[in-house]
1. Taking +1 at the Cβ of each Lys and Arg and -1 at the Cβ of each Asp and Glu, which of Ala214, Pro161, Val188 sits farthest along the dipole of the range 94-231 towards its positive end, judged by Cα position relative to the Cα centre?
2. Quick one: Karplus J couplings for the range 223-232, per residue in order, coefficients 6.51, -1.76, 1.60, θ = phi - 60°, nearest Hz, x for Gly and Pro?
3. With the Cα gyration tensor of the range 142-188 in hand, convert its eigenvalues to equivalent ellipsoid semi-axes via √(5λ) and list them largest first in whole Å.
4. Order 83-93, 111-121, 233-243 from most to least packed using the mean count of other Cβ atoms within 10 Å.
Amino acid sequence: MRQNTDPISGGGKLDVRQTPDVATRPLRQDGRIKEKYDALGGVAALGEPVDKTIGQIWTLPDGKCICYDDHSSAAYLVHGAIYQKWVEVGGLNYGAPSTDELPTPDGVGRFNHFNGGTASIYWTPETGAHAIYGDIRKLWSELGWETSYLGYPTSDEQNFPEGGRANSFQHGDICWWPDTGAKHLGDVVLHFTGFYCFRETGEDAGTGADETYAFLGVFTPVGQNRVTTRVYEGVNSNHSQPDSIELWRGRPYGMEINIHLMEHDFGDVSEDRKNMEEAFRKAHDEGVKALKGIPVVGPIVAEAADALLGKVVPELGGAFFDLFDLGDDTIGETNMRVSARDMVLTATRPEGNSEFHGIGYRIESPFLNGNGGSYKLYFGLVPA
């Protein structure tokens, strides 16, 4: 029987044991299984064993088994949805059970520990059964298991962008990369926190200040939002403009931030806003079509949508925005890609916000240069 070679949190392979041939297996294993079988009621309670040729495990009718654990030199019962999940994730390759099925302290869920207590499967009627192990399981246990703010797992450990692994929970995720370890996080919130004018536009330089505003769009695998800021009047060179506008909140599964920075001259801002919001909506609808078929539950959506977010959304957005003849001048426009990994690490970074001329931020745009003007926009990304 091969070992599990899937990548797992913790940077190694799940510690599973080969199944020796029955002829070389100590007889005490069958003896311990028989003792457990009899203690649980034998044939009357469990039915006649379907298969006990492996020696370490007796398969029983109706989706259950009794399995011997080398770590504790005892045998344990696995059954129901947890047994089905155990079979799905590899059975003995996932590890022999280290406990019987037990109730969680809150009385809602059930669980078995496996592989000497380094892996688990948790189940509730609402979430179903899910496997958790390695550094992700370790961090979840340190937070307080299901009594933590995360609640119960809602996915098995899955691939996450840029070589990561993740489990999704009722109220957040634990993500892991080899170079960062495990990070826990619920929803995140993205704010526009202001802009800095390094140089006002040429048309107004020396004769009057800029009247600056921005169309801001956020695209994620599971939703989108668009915001038009107010018109900021009296903007001169070396002008700092703090603000706080919530742009998006949700799970950190990757995003594109689209920026159109405008100088208000003679255009109708309200009409331009309608056109831009329609462009955002169409771009997102087309993006959703491109993402069709990608699951939207759990961190797997981030892995599946990673490449498409970086390619499809900016192309679509640019194509739609080009359709409109806006009344005001565009100072600059850009698409900023924030990967799922960047979102997690930015939101959880221990040093907190950076600051530039009174503007707190964690993400900054590139220079937006046009019509003689030069600006940067700033954004906060923090746990919700």
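Throughout, read-outs are computed from the coordinates displayed, never taken from laboratory work. Everything quoted here is computed from the prediction, not taken from an experiment. Counting neighbours? That spans all protein chains shown, and the Cβs are built from the backbone with ideal geometry, glycine included.
1. Positive-end residue among those listed: Pro161.
2. So the J values, rounded to whole Hz, are x, 8, 8, 9, 9, 10, 6, 5, 7, 8.
3. Values: eigenvalues 66, 24, 17 Å².
The three semi-axes for the range 142-188 are 18, 11, 9 Å.
4. Values: 83-93: 19.3, 111-121: 22.1, 233-243: 15.3.
Top of the packing list down: 111-121, 83-93, 233-243.
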